[in-house]
Amino acid sequence: METSVVSYYTARSSRDVIILAHQELTREWWTLAIGRFALCVSQAVIEESERGDPDAASGRLAAIHGFAILPITDEVESLASIYQRELDIPDICAADALHLSVASVHGTDYLVTWNCKHIANAEIRRHLAQINTEENVSTPIICTPEELMGR
């Protein structure tokens, strides 16, 4: 799970109707996902969750407490560098490449995110699959919580 999902789950309800819909879908998905999936995050998600308002950060960290933590290894960092270069992810968004790399290297089934610019993007998904084939790592299904609501 990527940080945007945790943030949407724990944030106060937005006045923006699109964001509010994503928040409500995330909350519904979260309830379903706890019983259906082995939810995990990476150290990058923890570090991103710690940033910002202390009360909000506390809520994000409490939400993911007890989830498995996937380590950021040398292999993860190396692959993230390839992603950043090949997928044209700007330096300021380097964590997005790291999220993709953690999920790929650790062979997760899914990478759940609301980041549709650098992660859940059709062009990114296609190119990521090509890179991962060349690098001999698995490619997770990248989706939003809405896409992973069940049958």
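At ASP53 and CYS93, where each label point lies 7 Å from the Cα along Cα→Cβ, what is the point-to-point distance in nanometres?
2.5
Local charge sum around VAL41 (other residues, Cβ-Cβ under 14 Å, Lys/Arg +1, Asp/Glu -1)? If you can, show how the numbers build up before the last one.
Numbers: positive: ARG60; negative: GLU2, GLU47, GLU48, GLU50.
Taking every Cβ under 14 Å from that of VAL41, the sum is -3.
Which whole-number percent gives the relative contact order of the stretch 24-151, counting Cα pairs below 8 Å spaced six or more residues apart? Intermediate results must be reported in sequence, preceding the final value.
Numbers: 134 pairs, mean separation 31.2, N = 128.
Normalised by residue count, the contact order of the stretch 24-151 is 24 percent.
Based only on other Cβ atoms within 10 Å, what is the fewest-to-most ordering of LEU100, LEU111, LEU20?
With the fewest neighbours first, LEU100, LEU111, LEU20 line up as LEU20, LEU111, LEU100.
Over what distance in Å are the Cα centres of the stretch 86-151 and the stretch 45-69 separated?
21
Using 5 Å bins from zero, what percent of all Cα-Cα pairs in the stretch 3-148 falls into each bin?
Per 5 Å bin, starting at 0, the Cα pair percentages come out as 2, 10, 19, 23, 21, 14, 8, 2, 0.
Mind ordering 140-149, 53-62 by average Cβ neighbours within 10 Å, highest first?
Values: 140-149: 17.4, 53-62: 13.4.
Those peptides, ordered most packed to least, come out 140-149, 53-62.
If each DSSP helix of 4+ residues adds -39,500 (n - 2.57) and the sum is divided by the residues in the chain, what number results at 222 nm, nearest 500 deg cm²/dmol?
Working: 7 runs with 85 residues, N = 151.
So the calculated ellipticity at 222 nm is -17500 deg cm²/dmol.
No value in this document is a laboratory result; all are computed from the given coordinates. Given the structure is predicted, the values throughout are model-derived calculations rather than measurements. Cβ: placed from backbone, ideal geometry, glycine included. Neighbour counts: every protein chain shown.
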